[in-house]
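I have placed the structure first, in the form of C-alpha cells, so that the comments after it can refer back to it.
Each reported figure results from applying straightforward, stated rules to the coordinates on display, with no laboratory input. As the structure is a computational prediction, the values presented were derived from the model and not from experiment. Every residue, glycine among them, receives a Cβ derived from its backbone with ideal geometry; neighbour counts consider all protein chains shown.
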Ligand code: ARG
C-alpha cells in the first residue's frame with residue numbers, strides 16, 4: 001500500500017528540518033517539502049539537496065516573487081492596507097500565497113495533509129490554517145511545534161544530530177526574522193523589552209538615518225490604476241520595481257517601523273519592521289488618491305483600508321468580505337493614474353509633486369487671486385442651511401437654560 005503523503009512548508013531552518021524527519025517517523029509518511037520564494041535572501045543554495053538528505057522524498061522550490069508582488073503586495077497597496085496604521089504586512093500577505101502553493105502541491109502529489117512550522121502563539125498559524133480551511137477544507141493540517149516533545153532549540157539540535165539532519169554550526173542570531181521583498185519583520189531578543197530602543201544590529205535592509213547620505217535623492221513613481229509601473233521613468237516589473245526601491249530607500253534609512261501590535265491570539269507584541277519600498281509606495285499612492293478621488297469616496301476608503309488591513313492581518317485573505325471590499329477598492333482605482341515625485345532624505349519621505357490626467361484639483365476654484373471662479377455668494381445660502389441644525393439646537397437649549405443645567 002502506498003504510504004501516506006504529507007506536504008511540509010519548508011525553509012531549511014532547524015524547526016522545519018527536524019519536522020521533516022519527525023513527521024516521517026511519527027506518521028510513517030512520505031514527506032514532500034514545499035518552499036515558496038518570496039524574496040531575495042532566502043537561502044536556496046543546496047536547499048533541495050538538504051531536504052532530500054533530511055528524508056524528504058521530493059522537494060519543491062517555487063519562485064513566487066512576481067506573483068507575490070503583483071497579486072498580494074500591490075493589492076494591499078491599492079487598498080492602502082497598513083495594520084494599526086503603519087505595518088505594511090510583508091509577513092501577513094505572504095502566508096496566503098504560501099498556503100495556496102502548499103495546497104496546489106499537496107493536491108497534485110496526492111498528499112492528504114499539510115504541515116507547517118508555526119508556533120502556537122503567533123499570527124502565521126492563523127493565516128496558514130484559515131487559508132487552507134478556506135481553499136481546501138478536505139486537507140488535514142499538522143502544526144508539530146504546538147505539540148511535539150522538544151521544549152527548546154537544544155533538544156531539537158540533539159534530535160537533529162542523532163538523525164543525521166544537517167544543522168548549521170553558525171551562531172544563531174538573537175532575533176527571529178521573517179523576510180521577503182515587501183519587507184522584513186524582526187522580533188525576540190532585546191526587542192522583547194519595549195522600554196528599549198531597537199539596537200542597530202536588529203536592522204538589515206536600512207541604514208541608520210543619521211548615517212544616511214547628506215544629499216537628498218529625488219525619485220519619480222508612476223502609477224496606472226493604482227499600480228506602480230515605472231520608477232524614475234523606466235518600466236519595471238512589479239518585483240524589480242520593489243527590489244530597486246528597497247535598495248534606494250534603504251540607502252536613505254527610509255522604512256524603519258517600531259510597533260507594539262495586537263496579535264490575533266490576544267497578546268501584544270513588539271516587532272520591528274523594515275520596508276523601504278512599501279513605505280514609499282504607500283505614501284505615493286495615497287498622495288495620488290488625494291488628487292483624484294472625490295471627497296466621499298476618499299473618506300470612505302480610509303475606513304475600508306483599515307478594515308482590509310485587519311482582515312489581512314487576521315488571516316482572512318480568502319474571505320468573502322475581503323473579496324467584496326477589494327471589489328470596492330478596484331472601483332476606486334480606475335483614475336489612480338499619474339506620477340508622484342518624492343524626496344528621500346535621512347529616513348524621511350517627502351512628496352514634492354503629483355500629477356494626474358484625472359486630477360480633481362482645479363486651480364481656478366482654489367486660487368485666492370483674481371483668476372478665482374468660485375461663487376462666493378453661493379456660500380451664503382449654503383451656510384444658512386448647513387448650519388441650521390446647530391442654530392436650532394442652541395436656540396432650544398437657550399430657552400431651557402434652567403431645565404437642562
Ligand atoms: N508580527 C508580524 C505579523 O504577524 C510578523 C510575524 C513574523 N515575525 C517574525 N519575526 N518571525 O505579521
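A compact table of results
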{"read-out": "Expected-Rg normalisation [2.2 N^0.38 Å, Cα atoms] applied to the stretch 151-255", "value": "1.50"}
{"read-out": "0 to 90° range, to nearest 10: angle between helix 276-292 axis and the chain longest Cα axis", "value": "30"}
{"read-out": "Semi-axis lengths, Å, the chain, gyration tensor of Cα atoms, sqrt of 5 times eigenvalues", "value": "47, 25, 22"}
{"read-out": "Mean Cβ neighbour count within 10 Å, used as a protection proxy, ranking 390-401, 82-93 highest first", "value": "82-93, 390-401"}
{"read-out": "Inter-centroid distance (Cα atoms) of the stretch 74-147 relative to the stretch 342-405, Å", "value": "45"}
{"read-out": "Ordering of 282-291, 101-110 by burial proxy (mean other Cβ atoms within 10 Å per residue, highest first)", "value": "282-291, 101-110"}
{"read-out": "Kirkwood hydrodynamic radius over Cα pairs of the stretch 28-178, then Stokes diffusion coefficient at 37 °C and 0.692 mPa s, in µm²/s", "value": "191"}
{"read-out": "Crossing angle, helix 238-251 versus the chain [Cα axis fit, 0-90 degrees, rounded to tens]", "value": "80"}
{"read-out": "20 Å cut-off, amide nitrogen to a point 7 angstrom out along residue 40 Cα→Cβ, residues in the stretch 270-287", "value": "273-282"}
{"read-out": "Percent of C-alpha pairs per 10 Å bin, the stretch 67-109, short to long", "value": "28, 45, 21, 7, 0"}
{"read-out": "For the stretch 226-355, Kirkwood radius (reciprocal of mean inverse C-alpha pair distance, Å)", "value": "16.4"}
{"read-out": "Gain in span if fully extended, residue 138 to residue 201, counting 0.36 nm per residue against the direct Cα distance", "value": "18.3 nm"}
{"read-out": "Value in Å of the Kirkwood radius, where the stretch 345-405 supplies the Cα pairs that are averaged", "value": "16.7"}
{"read-out": "Most fluctuating residue given options 296, 274, 222, as computed from a GNM of the chain linking Cα atoms under 10 Å", "value": "296"}
{"read-out": "Relative contact order (%) - the stretch 55-182, alpha-carbon pairs under 8 angstrom, separation at least six", "value": "25"}
{"read-out": "For the chain, built as a Gaussian network whose Cα springs stay under 10 Å, the top-fluctuating residue of 241, 139, 365", "value": "365"}
{"read-out": "Projected-area mean, the stretch 1-107, by convex hull of Cα positions, square nanometres", "value": "7.9"}
{"read-out": "Principal-axis tilt of helix 124-135 within the chain, Cα atoms, nearest 10 degrees", "value": "90"}
